[in-house]
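Have a look at the structure below, then the notes.
The values are calculated or read from the model by the stated rules, or taken from the named source; none is laboratory data. From a predicted model like this one, the values you see are computed outputs, not experimental measurements. Neighbour counts are summed over all protein chains in view; Cβ atoms, including those assigned to glycine, are modelled from backbone coordinates with ideal geometry.
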Amino acid sequence: MNQDILRSYKILDGEDLSMTEILALSKIGGEDLLDLVSLSYKVQKKYSPSIHLCTISNAKSGLCSENCSFCAQSSFHHTDIATYPLLSFKEIFQQAEKAYQNGIRHFGIVTSGYGYQKVNEEFQTILHIIEKVKKDFPDMEICASLGVLSEETAELLVRAGIVEYNHNLQVNPEKYSTLISSTHSINERIQTIKILKKYPVRVCSGGILGVGETMEDRIKLAFLLKNLNVDIIPLNVLIPIKGTKLEGQQKISPLEVVKTFALFRLIVKDKVIKFAAGRETIMKDFQGLIMLAGANGFLTGGYLTTKGRRSEDDKEFLEALYEFQE
């Protein structure tokens, strides 16, 4: 076995791995990659054994003022996605009800746009939806992903009943303005995470792979998320969408994705690492390998502007995964 991997087994005894050690592991390949996957799986089983499943509602789509390079919803891009204002109270509630009937107990409300730093009519509607879902489905966990927040709006969301808030940092902060967006700063996003960490809610923050970053960039992002003590780390793999700045971006390989997930697990050993966009389209037949490389969560039922697998298929997938956990 590769000596760097052997030395890394100390993580199972409670020791953390340094950035230098992780960078050394990032250089391995060939048959050694499966040994790395095996170690990451052991770490996941020991420190974060449960599997996290959720579905999301694209409650407000398109016309976003920000110029995020990968995003089909940016007003800077010309894509053929559906654009619409905030869905009605009834429409979002019906989506939550359907998810509940399909056995999903974690429902996320996602809106396009910079965020909500002040309370307006739209934000109040979202608060009422959260309160209604919590009342009718007490065991349904509500997550929100609404962009940048202020102290005021964060507190109101918590009081309404959210248990989790998603706010991705996307890439190594040093590369954010060049790889992701120049219309807002990474510090604004980090500040929102710090505000939310004051409350008893889980913070969900991760990144996107394949936008031009290096493996070292991904590792730096993972260590930042560890230092911010986020609870859930969703990793998306870029799906190049026609009309966006990254429409011609070369797709990264399944092997690169597997290695990235394995390294993230060795850095944030006790957190949920969730596979989001790209699971079906990029990984295809290899998506199960990601769940054996340290991931222990995934989105089901589709993403914001791209389709995913049917929830029924993912339920079968989940049942098979549980056999590996026994």
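Within the range 258-268, does at least one residue satisfy the condition of being modelled with pLDDT of 95 or more and basic (Lys, Arg)? Taking every residue of the range 258-268 in turn, at least one turns out to be modelled with pLDDT of 95 or more and basic (Lys, Arg). Within the range 98-125, the set of residues being of a type in the set (D, E, K, R) and within 19 Å of ASP313 (Cα to Cα) comprises LYS98, ARG105. Tell me yes or no: at least one residue of the range 62-74 is surrounded by 15 or more Cβ atoms within 10 Å (Cβ to Cβ) and hydroxyl-bearing (Ser, Thr, Tyr). So far as the range 62-74 goes, yes, one or more of its residues are surrounded by 15 or more Cβ atoms within 10 Å (Cβ to Cβ) and hydroxyl-bearing (Ser, Thr, Tyr).
Report, by residue number, each residue of the range 173-190 that is touching a residue at least 40 places away in the same chain (Cβ under 8 Å) and not basic (Lys, Arg).
Within the range 173-190, the subset touching a residue at least 40 places away in the same chain (Cβ under 8 Å) is 173-175, 179-184, 188-189.
The answer is PRO173, GLU174, LEU179, ILE180, SER181, SER182, THR183, HIS184, GLU188.
Among all positions in the range 139-149, there is no residue which is assigned to a helix (DSSP H, G or I) and at pLDDT 95 or above.
Among what's in the range 281-297 and is closer than 13 Å to LYS259 by Cα and of a type in the set (A, V, I, L, M), pick the residue that is surrounded by the most Cβ atoms within 10 Å (Cβ to Cβ). It comes out as ALA295.
Give the residue, chosen from ILE104, ILE129, ILE162, that is touching a residue at least 24 places away in the same chain (Cβ under 8 Å), assigned to a helix (DSSP H, G or I) and either surrounded by 21 or more Cβ atoms within 10 Å (Cβ to Cβ) or not charged (D, E, K, R) (or both).
On the way: ILE104 fails: assigned to a helix (DSSP H, G or I); ILE162 fails: assigned to a helix (DSSP H, G or I).
After applying the criteria, what remains is ILE129.
The set of residues from the range 165-190 being surrounded by 19 or more Cβ atoms within 10 Å (Cβ to Cβ), out of contact with any Leu (no Cβ under 8 Å at 6 or more places or on another chain) and among the hydroxyl-bearing types (Ser, Thr, Tyr) comprises just one member, SER181.
Tally up the residues in the range 246-269 that are out of contact with any Gly (no Cβ under 6 Å at 6 or more places or on another chain) and crowded, with 18+ Cβ neighbours inside 10 Å, please. Residues in the range 246-269 being out of contact with any Gly (no Cβ under 6 Å at 6 or more places or on another chain) and crowded, with 18+ Cβ neighbours inside 10 Å: 12 in total. Considering the range 269-297, the residues that are assigned to a helix (DSSP H, G or I) and charged (D, E, K, R) include one that is farthest from PRO234 (Cα to Cα), namely ASP285. For the residues SER61, SER88, SER38, SER75, the requirement of being without any contact (Cβ under 8 Å) to a residue 12 or more places away in the chain and over 27 Å from LYS271 (Cα atoms) singles out SER88.
May I ask you to say which residue of GLU213, GLU155 is at pLDDT 95 or above and assigned to a helix (DSSP H, G or I)? Steps first, answer last, please.
Details: GLU213 fails: assigned to a helix (DSSP H, G or I).
Going through GLU213, GLU155 in turn, just one is at pLDDT 95 or above and assigned to a helix (DSSP H, G or I): GLU155.
Restricting the range 75-100 to residues that are at pLDDT below 90 and surrounded by 20 or more Cβ atoms within 10 Å (Cβ to Cβ), the residue that is farthest from VAL110 (Cα to Cα) is HIS77.
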